[in-house]
1. Under 6 Å between Cβ atoms, which residue pairs at least 6 apart in sequence (or on different chains) link something in segment 293-317 that is under 14 Å from Tyr132 (Cα atoms) and in contact (Cβ under 8 Å) with a residue 40 or more places away in the chain with a partner that is part of a helix (DSSP H, G or I) and of a type in the set (D, E, K, R)?
2. For segment 256-274, give me each residue that is surrounded by 18 or more Cβ atoms within 10 Å (Cβ to Cβ) and either farther than 21 Å from Ala9 by Cβ or among the β-branched types (Val, Ile, Thr) (or both).
3. Just the residues that are in a helix (DSSP H, G or I) and over 19 Å from Met139 (Cβ atoms), please, taken from segment 174-205.
4. Could you go through segment 15-38 and let me know if any residue there is of a type in the set (Phe, Trp, Tyr), in the same structural domain as Leu243 (by TED's automatic domain parsing) and at pLDDT 95 or above.
5. Among the residues of segment 118-167, count how many are touching a Lys or Arg at 6+ places or on another chain (Cβ under 9 Å), within 24 Å of Glu192 (Cα to Cα) and outside any loop (DSSP other than H, G, I, E, B).
6. Please list, ordered by first then second residue, the pairs with beta carbon atoms under 7 Å, 6 or more apart or interchain, first in segment 66-95 and surrounded by 24 or more Cβ atoms within 10 Å (Cβ to Cβ), second polar (S, T, N, Q) and not in a helix (DSSP H, G or I).
7. Taking segment 93-117 as the search range and keeping residues that are of a type in the set (A, V, I, L, M, F, W, C), touching a helix residue (DSSP H, G or I) at 6+ places or on another chain (Cβ under 9 Å) and in a loop (DSSP other than H, G, I, E, B), which one is nearest to Asp286 (Cα to Cα)?
8. Out of the residues in segment 354-372 that are part of a helix (DSSP H, G or I) and touching a residue at least 40 places away in the same chain (Cβ under 8 Å), state the one that is surrounded by the fewest Cβ atoms within 10 Å (Cβ to Cβ).
Amino acid sequence: MTTPFLPFALPDIGDEEIAAVTEALRSGWVTTGPKTKQFEQAFSEYLGGGVESITVNSATAGLHLALEALGVGPGDEVIAPSLTFTATVEVARYLGADAVMVDVDPVTLNVDPAKIRAAITPRTKVLMPVHYGGLACRMDEILAIAKEHDLKVVEDAAHALPTTWKGTPVGQLASDITVFSFYANKTMTTGEGGMAVTRDPELARRMRVMRLHGMSRDAFDRFVSKTPAWYYEIVAPGFKYNLTDIASAMGIEQLRKLPRFLERRQKLAARYYEGLAGLPLVLPADAPAGDVHAWHLYVIRLAEGARPGRDAVIEALSQRGIGTSVHYVPLHRQPYWRDRYALTPEMFPVADAAYRSMISIPLFTKMSDADQERVIDALREVLG
């Protein structure tokens, strides 16, 4: 009997999501409408209230809207880690600004605040910490640097739902805007989608306007308003970044399940710590005591001198029917960023060494204990 392939990640979608999507389809309102407003309200409440949540059709869209709302433009610089997905910094280029990449902490693989401080210039406008894998950055230090230099902070929280820093949920910290992702492999999903969160009503207003062509009123507001439904004003050349009610219906149900999803991810992470102990691996950093790691990713690194090498381990796992990934090929190795800013691996020794040794192994809520044992046994066989 052939062993079924175990993918790196799968969404956890049940009958509740299917029923909610069916209801949205039958309602006749399939684009941005009442379900989207409900999702935004529920998300704000989940974070504890006191914030505005703006749905978007991707976290990339949310990051773009965030920088635009903060006035980022040509001549400005945005600082972010090299060890991230290109979306974090490509949004700066959309606006004509420059991205400045810095190295990461060797333990957490989150951006190193000291490297942020060293990279600040008179052109710096925004700091963009990335909560890598679901572990919060050292936000006290980053926010203090931003305050000292009068800079804005946009958190790339694509991995970080639900994550906390010193007991406070990511999304409730003192940054200007936080952006979450609901992509298919994230801790909850809407298929494609994301959420931008802010305490500032003016930033929220600007992001809502720019999310839909720069219209003064969105479609739902127009159709429920007492003024004529056809009338709107274009106040800026905006984008097409709205989330559909179909996706929001799924998001509402996924959000309800998030506590269960987190509990399962925590159990899987704990079993990996136990099952992989003693192998020539550097296991991922956990959250400090009292804080929450979202465990979007479980990234192992081969210890120095471990054999076989990273690529051979990935191939050996694939031959055993186990999917993996690498998060990430750092930006300083990507042709566009490398060539535009003359970046070299020597400029990012921590991120580069991590990249050359890292493997993201399967961790998703639909995994069974037996699935996880397959991964542990395979790694023990290959590396033991």
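1. What qualifies is Trp295/Arg265.
2. None; the set is empty.
3. Step one: filter segment 174-205 for residues in a helix (DSSP H, G or I), giving 201-205.
Listed by number, the residues that qualify are Pro201, Glu202, Ala204, Arg205.
4. Of all residues in segment 15-38, those of a type in the set (Phe, Trp, Tyr) come to 29.
Okay, now just the ones that are also in the same structural domain as Leu243 (by TED's automatic domain parsing), so 29.
Subset that is at pLDDT 95 or above: none.
Looking for residues that are of a type in the set (Phe, Trp, Tyr), in the same structural domain as Leu243 (by TED's automatic domain parsing) and at pLDDT 95 or above, one finds none in segment 15-38, hence no.
5. Count: 1.
6. From residues that are surrounded by 24 or more Cβ atoms within 10 Å (Cβ to Cβ), the pairs are Ile79/Thr124.
7. Leu109
8. Going through the qualifying residues, I end up with Asp369.
The values are calculated or read from the model by the stated rules, or taken from the named source; none is laboratory data. Values in this document were obtained by computation on a predicted structure and should not be read as measured data. Cβ coordinates were reconstructed from backbone atoms using ideal geometry, including for glycine residues, and neighbour counts include every protein chain displayed.
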